[in-house]
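Visitor: Sharing a structure here in structure tokens format.
The values are calculated or read from the model by the stated rules, or taken from the named source; none is laboratory data. Bear in mind that the values here come from a model prediction, so they are computed numbers and not experimental data. Here the Cβ is made from the backbone with ideal geometry for all residues, glycine too, and neighbour counts use every protein chain on show. Each accessible area value is taken on the protein alone, full model and side chains, heavy atoms only, with ligands, DNA and RNA left out. Shrake-Rupley method; radii C 1.70, N 1.55, O 1.52, S 1.80 Å.
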Amino acid sequence: MDELDSQILDHLQRDARITNRELARILGIAPSTCLERVRALRNRGVITGYHAAVDLKALNRPVQALLSLQVRPLSREVIEGFKAYVTTLPEVLSVFVVAGGDDFLVHVAVPDVDQLRSFLMDRFSQRREVVNFRSSVIYQHVNTPVITPGPMS
């Protein structure tokens, strides 16, 4: 990663729909150079994809929560099985397998708190491997729009 790669990443993270020609103009490089740099970043796995940001309120899912879950027995099979299950649920936005007191953090979005309660009761309380769960309603969710490279080793 050099300074030009970092600038390309910065601009693409802010607007992934920017044209190659416009990106090249902003960076002061030839469009062919820009295209080759972006392709190289994709090939190296630095850029993993492009997405559309969605307003959860517009989808009638304005209530977000973080769910902390513990599963038992704590084995690879149980963790992988639960992770596979939870990622199929339409309410789920993200799943984190974590160390510490909890085994999973699950980010969900639902229409209202009643639906959150129903989700917890219907999807988790009946599962044998789930021994404990807590929910924290999210008041505000702010994403960091641009991720910069860490220090080089």
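Visitor: How much of the accessible area of the chain, in percent, comes from carbon and sulfur atoms when a 1.4 Å probe is used?
Guide: On the chain, the fraction of accessible area on carbon and sulfur atoms equals 50 percent.
Visitor: Right, next: Please calculate how many Å² of accessible area the chain carries per residue, with a 1.4 Å probe and no DNA, RNA or ligand atoms counted.
Guide: Each residue of the chain exposes 68 Å² on average to a 1.4 Å probe.
Visitor: Then there's this: Suppose R0 equals 35 Å; then what is the FRET efficiency for residue 40 and residue 128 from their Cβ-Cβ distance, rounded to the nearest 0.05?
Guide: E(calc), rounded to 0.05, equals 0.15.
Visitor: While we're on this one: Rounded to the nearest 500 deg cm²/dmol, what is the calculated helix-only ellipticity per residue at 222 nm for the chain, with -39500 (n - 2.57) per DSSP H run of length n ≥ 4?
Guide: Estimated from H runs of four or more residues: -11000 deg cm²/dmol.
Visitor: Need the C-alpha centroid separation for region 5-39 versus region 86-153, integer Å.
Guide: So the two Cα centres are separated by 34 Å.
Visitor: With labels modelled as points extended 7 Å from the Cα through the Cβ direction, what inter-label distance (nm, one decimal) is found for residue 136 paired with residue 13?
Guide: Result: 2.3 nm between the two label points.
Visitor: Given a 1.4 Å probe and heavy atoms of the protein chains only, how would you sort 48, 33, largest accessible area at the top? Present the calculation step by step, with values, prior to reporting the outcome.
Guide: Numbers: 48 130, 33 60 Å².
Sorted by accessible area, descending: 48, 33.
Visitor: Rounding to the nearest 20 debye, state how big the charge dipole of the chain is about its Cα centre with +1 on each Lys and Arg Cβ and -1 on each Asp and Glu Cβ. Can you show the working numbers first?
Guide: On the way: 18 positive and 17 negative charges, 43 e Å.
The dipole magnitude comes to about 200 debye.
Visitor: Any idea which of 51, 74, 64 is furthest toward the positive side of the dipole for region 41-87, if Lys and Arg beta-carbons carry +1 and Asp and Glu beta-carbons -1?
Guide: Of 51, 74, 64, it is 51.
Visitor: Which of the following values of Rg and Dmax of the Cα atoms in Å was calculated from the structure shown: (i) 19.7, 82; (ii) 20.2, 59; (iii) 15.4, 47?
Guide: Answer label, from the structure shown: (ii).
Visitor: How much length would be gained if the chain were fully extended between residue 51 and residue 5, taking 0.36 nm per residue of separation minus their Cα-Cα distance, in nm to one decimal?
Guide: 14.6 nm
Visitor: To one decimal place, what orientation-averaged projected area in nm² is obtained for the convex hull of the Cα set of region 38-83? Please list the in-between numbers first.
Guide: On the way: hull surface 24.5 nm².
Approximately 6.1 nm², given one-decimal rounding.
Visitor: Return the long-range amide H neighbours of residue 104 (sequence gap of 5 or more, or a different chain), with a cut-off of under 5 Å between placed amide H atoms.
Guide: Those qualifying (amide H under 5 Å, at least 5 residues apart or on another chain) are 69, 98.
Visitor: Would you mind counting up the charge near residue 42? Only other residues with Cβ under 15 Å from its Cβ, with Lys and Arg at +1 and Asp and Glu at -1.
Guide: Neighbourhood net charge equals +1.
Visitor: Order the peptides 109-118, 92-101 from the highest to the lowest mean number of other Cβ atoms within 10 Å of their residues.
Guide: Working: 109-118: 15.1, 92-101: 11.8.
Answer by packing, highest mean first, reads 109-118, 92-101.
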